[in-house]
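Asks: First, the structure itself, so that you have it in front of you.
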Amino acid sequence: MAGSAGARRVLVVDDVDEMRTLIRRALSANGYEVDVASTLAQAREMDPGGYDAVLVDAGLGHERGADLIEALRSQDPAAAGRCLLITGGTLDALPAGVAFLAKPFQLAELIEAVGALQRPHAASPGRAAAIAAEADSPIPLAARPGGNGQQAGEPQAWQLLRLSRRLRARERHELTDFLHDGPIQELTAISLELQMMSRAAAPAARFDAVLRQLEAAAGSLRWLVDGDWPFTEPETRLAEALQRRTGWLAGQVTVDADDRLARLSTGEVPVIADVVELMLLGMVTASPPARAHVALRTDQHRLHIELFLTSADRDDRPIGDPATAGAALEELAFALGGTSNASFGERHWRAQIALPRRRVPAYT
């Protein structure tokens with residue numbers, strides 16, 4: 001039973017042979033008594049509730065590691081405090097109140113996270129054993145009166161933008177699944193193996209440098225998985241949303257901060273960001289502009305989005321091709337059921353799109 005005298009007992013559940021072996025070796029070397037399982041069925045046969053710690057991978061082929069944790073919690077609410085969910089995927093669907101360890105992780109982080117499970121009232125040791133907050137779906141499905149997905153008073157353009165945002169979120173999950181099953185899994189195994197080798201024998205020259213390079217690569221992969229993807233969270237502040245969404249397409253982005261912004265509904269803020277991002281995507285085909293400015297005009301029925309672009313000082317390269325930019329704006333306006341106009345100088349561009357306003361209160 002958990003808490004008995006002697007070595008602490010740990011159950012590791014992972015469907016990848018190499019990961020089970022490496023984690024078992026690492027924990028055994030630190031005084032733990034470790035058993036392993038490759039499936040949820042095997043783990044259940046081993047009485048997981050009797051272990052001091054249960055480490056389970058979030059993705060076990062077609063099974064979910066969180067299912068084992070929820071089953072243990074249903075039998076004993078305190079069992080969640082002895083569980084550690086190991087994940088290489090996104091952190092927005094983890095069970096509430098359960099510590100997690102994000103791949104790729106360091107050997108010290110693994111030991112620290114397992115040790116923290118024996119101290120249920122201890123403070124969280126940071127990334128290694130953070131407590132996952134219960135998350136709602138980042139992009140809730142729209143109400144479907146009549147079964148066609150259209151909300152009352154919603155122009156078709158807004159439906160299209162909402163659906164494209166759901167598509168981008170799905171693409172993100174597909175990307176993270178690929179990263180977890182490939183490079184994240186491999187990098188975790190390589191990093192653990194090298195760190196254990198360095199503890200067992202004097203490391204060769206430049207060994208520490210190699211480990212630092214691996215850690216930097218791991219950080220880059222984790223950014224792809226956990227990074228501040230703008231369309232996964234509700235956006236309510238227009239200037240902040242535009243800066244986050246368009247930073248890769250433009251330099252400094254400013255917004256008119258007059259009383260018109262105060263009259264925008266929460267549903268209009270992310271759509272304005274969507275439209276500006278699409279405008280920049282179609283217009284900027286060469287050097288990113290040094291400055292971008294967004295001005296808004298609203299009336300009862302229409303939303304006017306005006307975009308001003310300025311090329312960098314002493315930079316002879318154009319922002320893009322005016323003919324291509326003009327065609328892209330016309331195509332975007334047509335798709336949104338709106339209108340467009342533009343003017344293109346040598347260093348200064350101006351473009352405007354007007355589209356129907358939405359008459360429902362929330363962007364979902």
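Asks: Between T254 and V210, how high is the FRET efficiency from 1/(1 + (r/R0)^6) when r is the Cβ-Cβ distance and R₀ = 41 Å? Nearest 0.05.
Replies: FRET efficiency, T254 to V210: 0.40.
Asks: Still on this structure: Keeping all protein chains in place and using 1.4 angstrom, which order do H304, H62, H293, H348 fall into by accessible surface area, from largest down?
Replies: The most accessible residue leads, giving H62, H348, H293, H304.
Asks: Heavy atoms only, probe 1.4 angstrom, no DNA, RNA or ligands counted: give me I184, I190 ranked by accessible area, highest first.
Replies: I190, I184
Asks: In whole Hz, with x marking every Gly and Pro, tabulate ³J(HN,Hα) for the range 244-256 from phi via Karplus 6.51 cos²θ - 1.76 cosθ + 1.60, θ = phi - 60°.
Replies: Values per residue, Gly and Pro as x: 5, 7, 10, x, 7, 10, 8, x, 5, 10, 10, 9, 4 Hz.
Asks: Taking H as built 1.01 Å from N, whose amide H comes closer than 5 Å to the amide H of L84, not counting residues under 5 places away?
Replies: So L84 has HN proximity to V54, L55, V56.
Asks: Further question: Please list 236-247, 77-88 highest first by mean number of surrounding beta-carbon atoms within 10 Å per residue.
Replies: Ranking the peptides 236-247, 77-88 by packing returns 77-88, 236-247.
Asks: Could you pull out the GluC sites (Glu not before Pro) across the range 264-346 that fall in loop regions by DSSP (anything but H, G, I, E, B) with no more than 13 other Cβ atoms inside 10 Å?
Replies: Here the GluC sites (Glu not before Pro) that fit, given the DSSP loop and packing criteria, are E346.
Asks: While we're looking at this one, here's another question. Return the sequence-ordered ³J(HN,Hα) values of the range 272-284 in whole Hz as given by the Karplus equation 6.51 cos²θ - 1.76 cosθ + 1.60 applied to θ = phi - 60°, using x for Gly and Pro.
Replies: In residue order, the calculated couplings are 4, 4, 4, 5, 4, 4, 5, 4, 5, 4, x, 8, 8 Hz.
Asks: Ordering D299, D57 by how much accessible area each has at a 1.4 Å probe, largest first, what is the list?
Replies: D299, D57
Asks: Right, another one. R0 = 22 Å: FRET efficiency of M196 with D17, Cβ-based, nearest 0.05?
Replies: FRET efficiency, M196 to D17: 0.85.
Asks: Can you give me the relative contact order of the range 23-107 as a percent, contacts being Cα pairs under 8 Å and 6 or more apart?
Replies: Contact order relative to length: 22 percent.
The values are calculated or read from the model by the stated rules, or taken from the named source; none is laboratory data. Not measured: the values here are computed from a predicted model. Here Cβ is always computed from backbone atoms with ideal geometry, including for glycine, and neighbour counts include all displayed protein chains. Keep in mind that these areas ignore ligands, DNA and RNA; they rest on the heavy atoms of the full protein, side chains included. Shrake-Rupley method; radii C 1.70, N 1.55, O 1.52, S 1.80 Å.
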